[in-house]
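Here's the structure, in structure tokens; my notes come after.
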Amino acid sequence: MPIPTEPIGSIPRPDYLLTGAAEFAAGRTTAEELAALNLRAVTETLRLFEETGSPVITDGEQGKPSFATYPLAGLASLAPDGVVIPFADGHTRQLPRLTAGPFRYQTHADEYLKLAREHTTRPVKQAVIAASAVGLVYPADGIEGYSRDEFLADLVNEAEADIRRCLDAGADSVQIDFTEGRLSLKLDPSGDLLRSFIDLNNTVLERFTADERQKIGVHTCPGGDQDSVHSLDVDYAGLLPALFDLKAGRFFVQLASETDPEAALGIIAKHSKPDQRVYVGVIDPIDPRVETAEEVRDRILTAARHIPVERLGTCDDCGFSPFADDTSTSRQIAFAKIKARVEGTRLAAESLGLN
């Protein structure tokens, strides 16, 4: 496709998988039985992705407990009372708190990728969580015998391994989920926390070659969960200039749900670098209405007035179910929206004379 188009990642899980996960957590089914349900969900998701015409697909994150916590599943040295993330509708999500070191990922994302690639011939991208998000599990008052500096050294090693293992396993690209970027400005309007996040993530990215970084992307959005967000009220102008200081080759930027996308596009045009491709969000996963292909086309044509078409791509604003238990959007609507993105991107390419 002349204008590349990609999903962000997650697709709502089918009921049988959610039920199976609950049964497993309650001790009423086996790990083997849950794995069989997960395989069924992954293969169905890949097939439905293929039917949309999407040139690049994902496994829909069917096996992840959440986009943020998959590396921690099974880690014994955790307490449940970590950082609380409030959403605009009043509900919250809470991260765990690390209680002891050394810190090691229990699951790396290439495990999901390898399974998906066994069941499709399409290019598969893989999402990983940003080091800056995982870093929030370290408590503010520290851990006796395990300093913050020791934790960060371990974290950087693990985050690098998560990305590198996916590249080595044949990922078409690796997307770093960085939804905490915009949230950081709500927590600390000075921008110091955001800058610390950028610096930490760059410590990871600097371990890759320039060619490797062209296959590594960063996703930003105001968070999405149960049809709500955590930081849409934070001015994008505070995040976007710093975002493009990240040493990545691809950027997946929420725009469809933005109040003033033209203003955001102007900032992107000013601060993005010549070797960075910008995938603009043209689908709002929270809006229950399925966008038309013509609406998607028009959003892309607006973006093309600001971003050179050779550096332009399209994506969804966010995943459709970043947390496994979020069923606020149906699988049917999610795939209908993805199909609209694919068709709208084709129409935009036609309008721009690229086909």
Right, Leu155: among the aliphatic types (A, V, I, L, M) and within 30 Å of Asp287 (Cβ to Cβ) or not? no
Matching residues in region 263-305 (of a type in the set (Ser, Thr, Tyr) and closer than 19 Å to Leu246 by Cα) number 2
Residue check, Thr314 against (1) in contact with a Ser or Thr (Cβ under 9 Å, 6 or more places away or on another chain); (2) closer than 22 Å to Ser66 by Cβ, all met but one. Which one? (2)
Which of the numbered conditions does Ser231 fail, given that it passes all the others? Conditions: (1) buried (at least 23 other Cβ atoms within 10 Å of the Cβ); (2) among the small types (Gly, Ala, Ser); (3) at pLDDT 95 or above. (3)
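Yes/no matrix, rows are residues, columns are (1) more than 27 Å from Phe252 (Cβ to Cβ); (2) in a helix (DSSP H, G or I); (3) not hydrophobic (A, V, I, L, M, F, W, C):
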position	(1), (2), (3)
Arg122	no, no, yes
Asp149	yes, yes, yes
Leu152	no, yes, no
Cys166	no, yes, no
Given the conditions (1) among the β-branched types (Val, Ile, Thr); (2) assigned to a loop (DSSP other than H, G, I, E, B); (3) farther than 18 Å from Gly9 by Cβ, report the number of the one that Val156 does not fulfil. (2)
Every residue in region 126-160 that is of a type in the set (Ser, Thr, Tyr) and closer than 12 Å to Leu200 by Cα, please. Ser132
Please pick out the residue among Thr92, Thr99 that is among the hydroxyl-bearing types (Ser, Thr, Tyr), modelled with pLDDT under 95 and surrounded by fewer than 21 Cβ atoms within 10 Å (Cβ to Cβ). Thr92
Got a number for residues in region 168-213 being under 16 Å from Thr58 (Cβ atoms) and in contact with a Phe, Trp or Tyr (Cβ under 8 Å, 6 or more places away or on another chain)? 2
So which residues in region 316-355 are of a type in the set (Val, Ile, Thr), touching a Phe, Trp or Tyr at 6+ places or on another chain (Cβ under 9 Å) and over 15 Å from Asp227 (Cβ atoms)? Ile338
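The values are calculated or read from the model by the stated rules, or taken from the named source; none is laboratory data. Being a predicted model, the structure only gives us computed values, none of them experimental. Counting neighbours? That spans all protein chains shown, and the Cβs are built from the backbone with ideal geometry, glycine included.
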